[in-house]
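In what follows, a structure is listed as structure tokens, so that the remarks can point back to it.
Throughout, read-outs are computed from the coordinates displayed, never taken from laboratory work. None of these values were measured; they are calculated from a predicted model. Quick reminder, even Gly has a Cβ in these numbers, built from the backbone with ideal geometry, and neighbours come from all protein chains shown.
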Amino acid sequence: MFLIMMGYFGYQSRQVAKQQAYQAQLDSIAAAEAYAQWQQDSIWRAEHPEAAAAVDSAATAVQAPVQAPVYSDSLLNSAARAEGQLLTLENEKLEIVFTTRGAQPYSVKVKDYLTYSKEPLYLLQGEKSQLGYVVYAPTAIDTRKFTFQYVPEASSDSTVVMRLPMGNGGYIEQKYTLVKDSYSLNETLSFVGMGNLIPRNVGSIDIDFDAVIPRMEKGYKNETQYSRLNYYFPDDNKPANIGNGRAGEKRFNNNIEWFAFQQQFFSAIMRSPNNFTYGEFKIEFMPKGGEDLMHCKALMQADIVPGSDNIQVPFEFYFGPNDYKGLKAYNHSYEKVIPLGGRIIGVFTKYVIIPLFDWLSKFISSYGIIILLMTIFIKIVVLPFA
């Protein structure tokens, strides 16, 4: 084996040396050709100064700026040009900053947790996430392209309300309510006074949730291996998923109750109480060494009943840790994002490992020490079988 390995390494070294010499030869030829081309260009410029000046002028011409879309509604045109502002809701567990540009969450900080590098733990970060809704009224209105108006008289310490007014007196309203001492955020998207704008053959709206989830752990391989995008069909046994360290995408015309951008220990979940009627999911993992972990994208549809002057579409969000008991308390099968193992191992995990972990965490603050003690315990349990 030793002789084979030494022979292999010697052969590989010679092959690499040959490849490097060949590449150097190609680079030399390319450099010579580039120099010859430069000489020809210089001679042509000297002989044709006017033509050269015209070419340079065309190459450096300033491109006209791309004009923003023009809407027939003057109020929409004003909202498209207006600057946004940031608004904050905060409870005992979350700090959520909203932007009036698109009336959407701007950043989500989970309190009482830090990243491995002792930085505040954010699930959503500023410009790296976008949540938009598209409705046809009668042209496509993408909420991300407009600045909504903050409505202080309808807002409170736990609620923020933003509106996008229309020329006919109607408006689109976004109302977000942060539940007290919870990881929950409730949203109501309303179309008020727009019954004559939304065509009667339009029975749904589009939802586009696009987020880059930051890295939170030291080990890149472990973090990517246990991070994924989950999607849950109503009354199914467990959610399906894509990810686990590999890029993937899926598309469904089925009803989908919720989906989750799941990092190894934390999740951002969006749920439709009336179910999404379509789902298109995509996940990509960022290269090792950067500050971001993965790019998740969900394109969804939700049904509406056109013709009404007060259409309301509710949504629910969870931004927090993958804690089995905490997720199970929501009664929406959120806890199934946590991989517990197969049927037999899953029972042991659910009724032995998790209760033991919770009990030890009452006395020991370090999860590392808890895992060490639990490893010893499991080794003792399986010793007779070994």
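Note on D157 and Q20: the extension gain reaches 42.7 nm, defined as 0.36 nm multiplied by sequence separation minus the Cα-Cα distance. When each full DSSP H helix of the chain is screened for a Cα extent of at least 27 Å along its own axis and an average Kyte-Doolittle hydropathy of at least -0.5, the helices passing are 2-47. Overall, the chain carries a charge dipole of about 1560 debye about its Cα centre when +1 sits on the Cβ of Lys and Arg and -1 on the Cβ of Asp and Glu, all other atoms neutral.
Assign one of three labels to the chain, namely rounded, prolate or oblate, based on the Cα gyration tensor with a ≥ b ≥ c the square roots of its eigenvalues; rounded applies when a/c is under 1.5, prolate when it is not and a/b is larger than b/c, and oblate otherwise. Taking the square roots of the gyration eigenvalues as a ≥ b ≥ c, the chain is oblate. Residues of the chain were split at every exposed loop site, defined as GluC sites (Glu not before Pro) in a DSSP loop with at most 16 other C-beta atoms within 10 angstrom, and the longest piece left, sites excluded, is 93-290.
Can you tell me which of S267, S72, S28 moves the most in a GNM of the chain? Springs connect C-alpha atoms under 10 Å apart. In this elastic network of the chain, the residue with the biggest mean-square fluctuation among S267, S72, S28 is S28.
For K118, list the lysines whose Cα falls under 18 Å from its own Cα; do not include residues on the same chain fewer than 8 positions away. Within the straight-line cut-off, K118 pairs with K93, K109, K218. Among P287, L372, L164, whose Cα lies farthest out toward the positive end of the dipole of the chain, if unit charges sit on the beta carbon of Lys, Arg (+1) and Asp, Glu (-1)? Highest projection toward the positive end goes to L372.
Its convex hull of Cα atoms gives region 343-382 a direction-averaged projected area, equal to a quarter of the hull surface, of 2.8 nm². Scanning the chain for trypsin sites (Lys or Arg not before Pro) that sit in a DSSP loop and have at most 12 other Cβ atoms within 10 Å, the longest stretch containing none of them is 1-117.
Here the calculated FRET efficiency for F252 and S42, from their Cβ-Cβ distance with R0 = 45 Å, stands at 0.15, rounded to the nearest 0.05. Think of the chain as a dipole: +1 on every Lys or Arg Cβ, -1 on every Asp or Glu Cβ, centred on the Cα centre; then among N331, I198, A247, N331 lies furthest on the positive end. Summed over qualifying helices (DSSP H, 4 residues or more, each -39500 (n - 2.57)) and divided by its residue number, the chain shows a 222 nm mean residue ellipticity of -8500 deg cm²/dmol. Restricting region 340-386 to chymotrypsin sites (Phe, Trp or Tyr not before Pro) that sit in a DSSP loop and have at most 10 other Cβ atoms within 10 Å of their own Cβ leaves F363, F385. Can you give the FRET efficiency to the nearest 0.05 for K180 and L86, using r as the Cβ-Cβ distance and R₀ = 25 Å? Step by step, r from the Cβ atoms, then E = 0.70. Using the Cβ-Cβ distance between A386 and E127 with R0 set to 51 Å, the FRET efficiency works out to roughly 0.45. A quarter of the convex hull surface defined by the alpha-carbon atoms of region 238-386 gives 12.7 nm² as the mean projection.
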